[in-house]
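The values are calculated or read from the model by the stated rules, or taken from the named source; none is laboratory data. Bear in mind the structure is a predicted one, so any value in this text is a computation, not a measurement. Neighbour counts are summed over all protein chains in view; Cβ atoms, including those assigned to glycine, are modelled from backbone coordinates with ideal geometry.
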Amino acid sequence: MKRPSPPGSAEQVTWKQRLRALGNLPAFFRLVWQTSPWMTAADLGLRVLRSAIPVSVLYVGKLIIDLVVQASRHPGSVPTERIWELVALEFGLAIASDGLGRLTNLLDSLLGDLFANHTTVLIMEHAATLDLDQFEDSEFYDKLERARQQTTGRTILLSQILSQLQDLITMGFLAVGLMTFNIWLILLLLLAVIPAFLGESYFNDKTYLLMREQTMGRREMDYVRYLGASDETAKEVKLFDLSGFLIQIYRDMSHRYYLEYKRLVTRRSVWGTVFSLIGSAGYYAAYVWIIGRTLTGKLSIGDLTFLAGSFRQLRALLDGILTRFTSVSQGAIYLSDLFDFFQIKPRIRPAERPLPFPNPIKTGFVFEDVGFQYTYSERWANRHLNFTLHAGEKLALVGENGAGKTTLVKLLARLYDPTEGRILLDGVDLKEYDMADLRRNIGIIFQDFIRYQMTLNNNIVVGNIEQKESQDRVERAAMQSLAGELVEKLPKRYDQPLGRRFNNGVELSGGEWQKVALARAYMRDAQLLILDEPTAALDARAEHEVFQRFADLTRGKMAVLISHRFSTVRMADRILVLENGQLLEIGSHEELLALGGRYAELFHLQAAGYR
């Protein structure tokens, strides 16, 4: 199965795509409004007020200059109080502009921070609805990474859009003032800034494409950086002297991306200089025209300052608006990454009328020709599985690494849905049951369990978060898994932070972490308990005690064990042997030894190591 190429991965962004991307802005503003309606409304209102101030300041300044010139030429013709009133008004407008600017910056900052928090929560909530196999796909991870980047990067877009609105209104006021003198000034202004606008648009497109193409590579760089400086990797990095190796990998990758970026920004800088010269020439052409009209007496000194100031501000505003438009449209394209992530739908869908999980289970699970194939993989992880896990039965899964054992239990817990065939529970397809209810009735601990950098208490309650307030249940689960023995060694007992990532944390041994993980499984009163290599890090004495307790605690309940230790496997009622994802043998320990097949061969190989 061939993986499709990501759309737009090596294509130039067209104007049609850019304008289409602006369609993301309404959805973006709905998210902003949801973040804080009153703050959004206040920000917009203040910006509208501020947009009228520049033209007001320029016009008041024109009046002041004209009155001063008139007073100097004809003393006593102008009341001095009138001039000082206008100066006070201009001072008040300057104070108001500064105050409104600081308020809008404050609101932008606060709203941006809230927006980043809000969208991060939305991403986490949506990610929680997606399937496990989607998280195991690199293309999905690229989309997730780009969506995460938008939670902070798009706060700048918010400020840009609001500034764009404010500047457009300001331009309207200034343009009206210019057009009362000469409409050609507006046309000259457009000719001066359009080349710079087109240049910025082109290079923004190139920057977007470069960043998109480098997404996976930059994730690899982050991973290498993590390997080179992490508490979890420090032992092997030091033992195998890997620091130089990892540093070289990082240096090579970062230098390659630096050269690509350098080529782009150098070209952008050169062309930006050319376009800036064109813009400056246009501005000074208009300035010469205004001065000429003033020298001939067709414009007053006040008109000169008003027109020159208006033209200068209009040029700066229009240049900013056009440049910001490319950034806004580019940001809108980046928003597609965020909204595309929200469009990803889980393939495992809940039933329209879900059935409650049977309590108790009467007959058990039946696999009917079940097969599972990962997306974009040619190989089947499991194929043609036909067997029954009876109610109250303990089943062990045996097979070499990659035989499909963990995939099988993920199918059992409906973390995956079969690609072919079906799984029945008490005669009903597993897909017909309520998923949340199903998972509440299954306790499962994988070999690669998470070592949460949290307190011991929280490390246990994650096994049944609904019972997080039940300290009795936490302590009982800890005792059942032998993790209770740790409590006496920890200074803060159940409130002791585990791991070295944060202050005052205590690191545990591999076996101690495994006991904590086992406690999670005991936190829920599950009808089916699945343990994937549950004692791999325990010593022989601890392993024996764990399974003695396990046998007592699961009496009358269903259990699935994955283990390479035949001392563990022998306690199961039946043993299922997998090879290349398919069922090879199934039976009790004695039956499989008598059969003399693959299980007997593996058992005798391991037994020979103890002789």
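Which of the residues belonging to the stretch 38-54 are touching a residue at least 40 places away in the same chain (Cβ under 8 Å) and within 28 Å of the chain's Cα centre (by Cα)?
Correct list: MET39, THR40, ASP43.
Between residues in the stretch 426-452 that are under 26 Å from LYS515 (Cα atoms) and residues that are surrounded by 18 or more Cβ atoms within 10 Å (Cβ to Cβ) and among the acidic types (Asp, Glu), which pairs lie under 8 Å by C-beta distance while being six or more apart or on different chains?
ILE444/ASP532; ILE445/ASP532; PHE446/ASP532; GLN447/ASP532; GLN447/GLU533
Return the only residue of LEU576, LEU592, LEU561 being more than 44 Å from the chain's Cα centre (by Cα), crowded, with 18+ Cβ neighbours inside 10 Å and of a type in the set (A, V, I, L, M, F, W, C).
Every option except LEU592 fails the conditions.
I want to confirm something. Restricting to the stretch 72-101 and keeping residues that are polar (S, T, N, Q) and more than 21 Å from ASP43 (Cβ to Cβ), which single residue is nearest to the chain's Cα centre (by Cα)?
The extreme case among them is THR80.
For LYS62, indicate whether it is among the charged types (D, E, K, R) and over 30 Å from VAL32 (Cα atoms).
Answer is yes for this residue.
Under 7 Å between Cβ atoms, which residue pairs at least 6 apart in sequence (or on different chains) link something in the stretch 469-488 that is over 11 Å from MET523 (Cβ atoms) with a partner that is at pLDDT 85 or above and surrounded by fewer than 22 Cβ atoms within 10 Å (Cβ to Cβ)?
That search, which allows pairs on different chains as well, returns GLY484/GLU475; VAL487/ARG493; VAL487/TYR494.
Can ALA88 be described as assigned by TED's automatic domain parsing to the domain that holds LEU198, surrounded by 13 or more Cβ atoms within 10 Å (Cβ to Cβ) and hydrophobic (A, V, I, L, M, F, W, C)?
Taking the combined requirement at face value, the residue does not satisfy it.
Can you spot a residue in the stretch 552-570 that is aromatic (Phe, Trp, Tyr), assigned to a helix (DSSP H, G or I), modelled with pLDDT under 85 and closer than 28 Å to LEU438 by Cβ?
Scanning the stretch 552-570, I find no residue that is aromatic (Phe, Trp, Tyr), assigned to a helix (DSSP H, G or I), modelled with pLDDT under 85 and closer than 28 Å to LEU438 by Cβ, so the answer is no.
Just to verify a result, which residue in the stretch 205-249, among those that are part of a helix (DSSP H, G or I) and acidic (Asp, Glu), is farthest from ARG268 (Cα to Cα)?
Out of the qualifying residues, it is GLU236.
Would you confirm whether any residue within the stretch 485-499 is touching an Asp or Glu at 6+ places or on another chain (Cβ under 8 Å), in a loop (DSSP other than H, G, I, E, B) and under 24 Å from SER230 (Cβ atoms)?
Yes, the stretch 485-499 has at least one match.
Name the one entry in ALA316, ALA332 that is within 38 Å of the chain's Cα centre (by Cα) and at pLDDT 75 or above.
ALA332
Which numbered condition in (1) under 38 Å from the mean Cα position of the chain (by Cα); (2) buried (at least 19 other Cβ atoms within 10 Å of the Cβ) is the only one that PRO354 fails?
(2)
When you check THR104 against the structure, is it in a helix (DSSP H, G or I), among the hydroxyl-bearing types (Ser, Thr, Tyr) and either over 36 Å from the mean Cα position of the chain (by Cα) or farther than 21 Å from LEU44 by Cα (or both), yes or no?
The answer is no for THR104.
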